[in-house]
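The values are calculated or read from the model by the stated rules, or taken from the named source; none is laboratory data. Please read all numbers here as calculations on a predicted model, not as lab measurements. Cβ coordinates were reconstructed from backbone atoms using ideal geometry, including for glycine residues, and neighbour counts include every protein chain displayed.
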Amino acid sequence: MKPGGAKRVAWTVILLAVIAGAGWHFFRPFQDQPGQDKGDSAKQPVPVEVARIEHGPIALKRSFSGELEALAEFVVAPKVNGRVERVLVNIADTVRRGQVVAALDNDEYVQAVAQAQADLAVARANLSEAESAREIAQREFKRTESLLKRGIASDSEFDAAKQARLAKQAQLSVAEAQVMKYASALETANIRLGYTQVTAGWSGVDDQRVVAERYVDEGQTVAANTPLLMIVDLDPIVGIVFVTERDYAHMQPGQLVSLTTEAYPDEAFAGRIVRIAPVFRTATRQARIEMTIDNPQHRLKPGMFIQATVELSRVADAVIVPEQALTERNDRTGVFLVSEDGQSVQWREVKVGIREGDRVQVEGQGLTGRVVVIGQQLVKDGAPITIATDQEAPATGRNGAGVQ
């Protein structure tokens, strides 16, 4: 080997030795120290927070947006044409059943009554005349009949008397019919005159309602059946919501409902489901649900938006854990139970039931004691733990509408 080649080989060996030494010094801190167990790091306790498992009632609730409607609406309208002389009530006034609420100009109808009375008087005079004529004809018939028996009157005279009696009887019948006709006409005229006093005559058990709308003013000429007023029944009031197929199966008449409105955001009103539509609307695929709400002070008004919370189902004695405690492992849902001594955890698969806010009903084996709510992502079955604080996690809130 040439002297220059030997020199290059020597420098190469020295360079490799320097690199090896530097590498050994760099990786030495990561090597196992004498007496150290390689599994010690995996057995270090994991700090967690825990909460106690509850036993008690839990309810499945759903909230729906809707609006309020009046229980009943009655449109006041006149039965005859006329000019509106007076409207005796206004919006928000209380109205009694049968109360006069408007009056129409009645001059024409008063005149019609007077004409009918005159026609009836003429008919009754004609009736009196016909009765007198029939009595005369009756007496003449009897006299002629007597003379015929004595041979003084002829058969032709008797037939003429008989014919006259029948004619007078027919005239009397016509006069009686005329009296009935004009009496009926008078009654009709009086009824139409009465229609000029427009009353609020709704049907139903309620005796008082409230004026919701006023459509006309005094002086307007209206035709028969033209709406004048809208009168509504506000106690109880009706809440309307629409539900999808998922919630429809849980709805039953009689279920309790809690309602809130923007007008009274801090107050809840109690209601009850009374009617459930048997069909779904094609456009929305939703069904109409009606509920009644007591409204004695009329604070709730038709047209208000509502948020209705319905209790769909309830479990009286359920095992309840915070929703934070639920953990996924290998596509299965479970919780980590804390051992009695608080030093380790055990994995328990659970079946999730009703959710109410951040409280969850679970079903499974051996679900007692405490569960991990923070830090369960860092532990596995049998892992050691240390509870991060002396106080367990506070009980979970119960507000909010639950879903399955």
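General observations
- Figure legend. Inter-residue proximity from region 137-165: first residues without any contact (Cβ under 8 Å) to a residue 12 or more places away in the chain, second residues among the polar types (S, T, N, Q) and assigned to a helix (DSSP H, G or I), beta-carbon distance below 6 Å, spacing 6+ or different chains. Indicated pairs: ALA153/THR144.
- Criterion (surrounded by fewer than 19 Cβ atoms within 10 Å (Cβ to Cβ), out of contact with any helix residue (DSSP H, G or I) (no Cβ under 8 Å at 6 or more places or on another chain) and not assigned by TED's automatic domain parsing to the domain that holds SER258) met by exactly one of GLU323, GLU290: GLU323
- Checking region 100-114 against the condition returns no match, with no residue being at pLDDT 90 or above, at positive phi and not assigned by TED's automatic domain parsing to the domain that holds ALA189.
- Residues of region 246-291 that turn out to be out of contact with any strand residue (DSSP E or B) (no Cβ under 8 Å at 6 or more places or on another chain) and not in a loop (DSSP other than H, G, I, E, B), as a count: 1
- In region 367-385, the residues that are within 16 Å of THR333 (Cβ to Cβ) and surrounded by fewer than 17 Cβ atoms within 10 Å (Cβ to Cβ): GLN377, LYS380, ASP381
- All conditions but one from (1) under 12 Å from the mean Cα position of the chain (by Cα); (2) more than 16 Å from ARG62 (Cα to Cα); (3) small (Gly, Ala, Ser) apply to ALA263; the one that does not is (1).
- The one condition from (1) surrounded by 18 or more Cβ atoms within 10 Å (Cβ to Cβ); (2) within 30 Å of LEU259 (Cβ to Cβ) that GLY82 does not meet is (2).
- Selected residue (only one of VAL205, VAL210, VAL198, VAL216 is surrounded by 15 or more Cβ atoms within 10 Å (Cβ to Cβ) and within 15 Å of LEU71 (Cβ to Cβ)): VAL210
- Single residue of region 144-160 satisfying the filter (of a type in the set (A, V, I, L, M, F, W, C) and surrounded by 11 or more Cβ atoms within 10 Å (Cβ to Cβ)) that is nearest to the chain's Cα centre (by Cα): ALA160
- The set of residues from region 114-150 being basic (Lys, Arg) and either over 27 Å from GLU187 (Cα atoms) or in contact with a His (Cβ under 6 Å, 6 or more places away or on another chain) (or both) comprises ARG134, ARG139, LYS142, ARG143, LYS149, ARG150.
- Cβ-Cβ under 6 Å pairs, at least 6 apart or on other chains, region 246-268 side in the same structural domain as MET304 (by TED's automatic domain parsing) and β-branched (Val, Ile, Thr), far side surrounded by 12 or more Cβ atoms within 10 Å (Cβ to Cβ) and part of a loop (DSSP other than H, G, I, E, B): THR260/ALA268; THR261/MET304
- Residue that is farthest from the chain's Cα centre (by Cα) [pool: residues in region 103-119 that are part of a helix (DSSP H, G or I) and small (Gly, Ala, Ser)]: ALA118
- Condition check for GLY353: closer than 28 Å to ALA92 by Cα and not polar (S, T, N, Q): no
- Matching residues in region 365-390 - criterion: being within 45 Å of the chain's Cα centre (by Cα) and of a type in the set (Ser, Thr, Tyr): THR368
- When VAL75, VAL80 are checked against the criterion of being modelled with pLDDT of 90 or more, farther than 30 Å from GLU356 by Cβ and part of a loop (DSSP other than H, G, I, E, B), a single residue qualifies: VAL80.
- Count - residues of region 213-259 that are over 16 Å from the mean Cα position of the chain (by Cα), more than 19 Å from ALA103 (Cα to Cα) and not acidic (Asp, Glu): 3
- Residue in region 314-328 that is among the basic types (Lys, Arg) and closer than 15 Å to LEU68 by Cβ present: no
- Count of residues meeting criterion [within 12 Å of VAL75 (Cα to Cα), touching a residue at least 40 places away in the same chain (Cβ under 8 Å) and in a loop (DSSP other than H, G, I, E, B)] in region 184-231: 7
- In the set (1) surrounded by fewer than 15 Cβ atoms within 10 Å (Cβ to Cβ); (2) within 60 Å of the chain's Cα centre (by Cα); (3) in contact (Cβ under 8 Å) with a residue 12 or more places away in the chain, VAL122 fails one condition alone, (2).
- Scan of region 232-281 for residues that are surrounded by 15 or more Cβ atoms within 10 Å (Cβ to Cβ) and of a type in the set (S, T, N, Q), ordered by number: GLN255, SER258, THR260, THR261
- Enumeration of residues in region 277-302 that are aliphatic (A, V, I, L, M) and closer than 24 Å to ASP206 by Cα: ILE289, MET291, ILE293, LEU300
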